[in-house]
Amino acid sequence: MARNGEQLLLLVVIPVMLLVFFSQTDLLPTTSENKIDFLMPGILSLAVMSTAMVSLGIATGFERSYGVLKRLGTTPLGTRRLVLAKVSAICVIEVAQLVLLIIVGLLLGWNPSQVNLAQVLVVLLIGTSCFAGIGLSLAGRLRAEINLAAQNGLYLVLLLLGGILVSNDELPNSLGNVAQFLPSSLLSSLLRNSLNSTELVITDFVALCSWASTACVLAVVSFKWSD
Amino acid sequence: MSAKSCELRTVMVMNISSQSHEVAISVRDLVVDYKQLRAVNKISFNAKVGEVTVVIGPNGAGKTSTMEVCSGVRTATSGEVSVLGLDPKKDRIKINSQIGVMLQDGGVYPSSRVFEVAQHYCNLYGNRTTADELIDMVDLGRQKKTSWRKLSGGEKQRLSLVLALAAKPRVAFLDEPTSGVDIFGRDLIRGIVRRLADDGCAVIMATHELDEAQRVADHVLMFQDGNLLANAPLTQLRASAGNNQTLEDIFRSLASNSSKSREVQ
């Protein structure tokens with residue numbers, strides 16, 4: 001992953017750039033007193049989405065296309081160890097991303113009022129499973145080039161409509177009503193809540209869990225190891 | 001049908017249990033379908049330890065499908081396959097530690113470098129051999145730091161062979177190992193294949209280059225349209241056809257007879 005410059009752009013440069021740019025300008029319609037407090041949970045969601053969905057999905061799509069997965073399937077590695085290796089890689093990258101973003105956020109004046117760490121970790125875990133499931137569902141069926149376009153397109157839609165930069169309340173009513181059930185909206189909202197209160201919005205949590213389980217089942221059922 | 005053709009057909013259906021070597025791969029009534037297309041049509045054969053079994057036939061004859069079923073990459077539609085006494089699908093992890101597979105199209109990430117891919121595969125098999133040893137064996141020492149995408153076609157084939165050899169395999173499946181390889185590379189690969197078999201490995205190698213097959217085969221499986229035209233030791237096949245006949249002549253004769261008999265039916 002790290003050998004490809006575009007991955008570095010996706011995983012580090014874009015989230016940090018969005019965080020710095022929109023926290024220092026008045027371009028976003030937000031009612032929060034401190035813009036960084038609104039932005040930070042959304043950018044953390046974006047980091048999870050970029051690693052677990054886009055990066056994993058695109059890499060896996062090309063591995064399928066190049067026959068890497070088929071080739072590994074003839075070794076003693078086995079499916080379980082391969083999945084475990086991918087999960088470990090995602091976790092390591094996400095930890096590095098979150099640490100970097102939290103440092104940048106704190107430097108920009110982020111001040112979470114009441115952090116429920118256990119809740120934050122659980123929500124991040126469910127969010128990661130959800131986006132990994134979506135990424136692998138696409139990667140496991142589509143041709144590498146189409147998968148690349150689909151992952152990037154979905155990333156953009158979930159970024160714009162997912163309560164990451166703009167609150168769903170600011171969207172037109174009909175669009176906002178649909179957008180609030182997108183996985184990125186649910187993750188952003190749950191993180192915003194977990195970083196500023198001890199309460200857990202059960203409906204959002206159940207909805208995110210449903211997305212996660214559906215996406216993971218779909219990935220397992222539909223995944224093809226080679227084109 | 002000429003007398004020679006009759007003899008050939010006798011060899012073609014030769015008793016597959018005539019064995020001086022232990023059977024490593026046993027295939028019985030194998031069928032592989034792709035939706036409406038039958039790629040492999042009820043074939044049976046054995047491949048033995050210490051022998052190079054060459055699978056020959058034109059493109060789309062069923063060679064790769066057969067190899068993929070035997071190596072556990074593909075599921076058979078029906079039939080029985082046993083590799084080292086194990087089921088390639090059910091006992092996949094057990095079998096995978098004992099077989100080496102060279103796929104037709106690499107299966108390597110383009111940015112991966114020669115040494116690191118070889119090292120990675122040696123690690124996967126518990127370091128039974130070293131990356132340096134394998135790289136030297138296929139004469140890729142000068143390309144150690146070269147990425148896959150920058151290798152020539154022949155160099156890619158040699159690296160693919162390294163990945164199969166990292167297993168120190170008891171059974172090696174090599175799908176067109178000399179395709180796109182220059183004359184010196186072919187000699188090198190042929191030598192490695194021969195040594196593998198002499199060291200007790202059952203080598204099963206697909207190719208559509210009949211001259212190549214003639215140089216390296218102990219046993220020949222001839223495929224056409226998913227059917228097995230011949231299943232016999234090379235020496236016996238050539239003796240039946242007359243020793244001045246090449247494998248190409250034999251294949252043409254069998255393929256023509258097979259087409260005629262289908263037309264009659």
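The values are calculated or read from the model by the stated rules, or taken from the named source; none is laboratory data. Just so it is clear, the model here is predicted, and its values are computed rather than measured. Every residue, glycine among them, receives a Cβ derived from its backbone with ideal geometry; neighbour counts consider all protein chains shown.
Do we have B:ARG252 as among the charged types (D, E, K, R) and over 30 Å from B:LEU37 (Cβ atoms) here? No; evaluated as a whole, the condition is false for this residue. Taken together, the residues in region A:194-204 that are touching a residue at least 60 places away in the same chain (Cβ under 8 Å) and either under 19 Å from A:ASN177 (Cβ atoms) or of a type in the set (S, T, N, Q) (or both) amount to 4. Only residues that are more than 8 Å from chain A (Cβ to nearest Cβ) and part of a loop (DSSP other than H, G, I, E, B) were counted across region B:65-104, and they come to 13. Somewhere in region A:33-41, is a residue more than 14 Å from the chain's Cα centre (by Cα), farther than 25 Å from A:VAL120 by Cα and away from every other protein chain (no Cβ under 14 Å)? The answer is no, given that none of the residues of region A:33-41 is more than 14 Å from the chain's Cα centre (by Cα), farther than 25 Å from A:VAL120 by Cα and away from every other protein chain (no Cβ under 14 Å).
Every residue, every condition in (1) under 12 Å from the mean Cα position of the chain (by Cα); (2) in the same structural domain as B:LYS48 (by TED's automatic domain parsing); (3) farther than 25 Å from B:VAL73 by Cα, yes or no:
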| residue | (1), (2), (3) |
| --- | --- |
| B:GLU176 | yes, yes, no |
| B:ILE183 | no, yes, yes |
| B:ARG186 | no, yes, yes |
| B:GLY191 | no, yes, yes |
| B:CYS201 | no, yes, no |
| B:MET205 | yes, yes, no |
| B:LEU210 | no, yes, yes |
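Evaluated against (1) in contact (Cβ under 8 Å) with a residue 24 or more places away in the chain; (2) assigned by TED's automatic domain parsing to the domain that holds B:GLY185, B:LEU86 falls short on exactly one condition, (1).
Conditions (1) among the charged types (D, E, K, R); (2) part of a helix (DSSP H, G or I); (3) farther than 19 Å from A:SER65 by Cβ, marked per residue:
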{"site": "A:LEU138", "(1), (2), (3)": "no, yes, no"}
{"site": "A:GLY163", "(1), (2), (3)": "no, no, yes"}
{"site": "A:SER174", "(1), (2), (3)": "no, yes, yes"}
{"site": "A:GLU199", "(1), (2), (3)": "yes, no, yes"}
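Screening A:ALA139 with (1) under 21 Å from A:LEU28 (Cα atoms); (2) more than 14 Å from the chain's Cα centre (by Cα); (3) surrounded by 14 or more Cβ atoms within 10 Å (Cβ to Cβ) gives one miss only, at (1).
Of the candidates A:ASP227, A:ASP169, the single residue that is surrounded by fewer than 19 Cβ atoms within 10 Å (Cβ to Cβ) and over 30 Å from B:VAL73 (Cα atoms) is A:ASP169. Residues in region A:70-99 that are more than 8 Å from chain B (Cβ to nearest Cβ) and either within 14 Å of the chain's Cα centre (by Cα) or of a type outside the set (D, E, K, R) (or both): 18 in all.
Contact map, region A:89-100: first residue in a helix (DSSP H, G or I), second residue of a type in the set (S, T, N, Q) and surrounded by 17 or more Cβ atoms within 10 Å (Cβ to Cβ), Cβ cut-off under 6 Å, separation 6 or more or different chains; pairs are A:ILE90/A:THR51; A:ILE93/A:THR51; A:GLU94/A:THR51.
Within region B:105-143, the residues that satisfy the criterion of being within 9 Å of chain A (Cβ to nearest Cβ) and either within 21 Å of B:LEU196 (Cα to Cα) or touching a His at 6+ places or on another chain (Cβ under 6 Å) (or both) are B:GLY106, B:TYR121, B:LEU124, B:TYR125, B:GLY126.
So which residues in region A:101-115 are surrounded by 13 or more Cβ atoms within 10 Å (Cβ to Cβ) and either part of a helix (DSSP H, G or I) or hydroxyl-bearing (Ser, Thr, Tyr) (or both), if there are any at all? Within region A:101-115, A:LEU101, A:ILE102, A:VAL104, A:GLY105, A:LEU106 meet the criteria.
Of everything listed in (1) more than 14 Å from every other protein chain (Cβ to nearest Cβ); (2) at pLDDT 90 or above, the single unmet condition for A:GLU63 is (1). Counting only helices (runs of 4 or more DSSP H) that fall entirely inside region A:1-83 and contain at least 1 residues that are more than 30 Å from B:TYR125 (Cβ to Cβ), the qualifying elements are A:5-8, A:14-24, A:35-48. Taken over region B:71-94, the criterion of being modelled with pLDDT of 95 or more and surrounded by 23 or more Cβ atoms within 10 Å (Cβ to Cβ) is satisfied by B:VAL83 alone.
Restricting attention to region A:42-60, which residues are more than 11 Å from the chain's Cα centre (by Cα) and away from chain B (no Cβ under 14 Å)?
Selection gives A:GLY57 alone.
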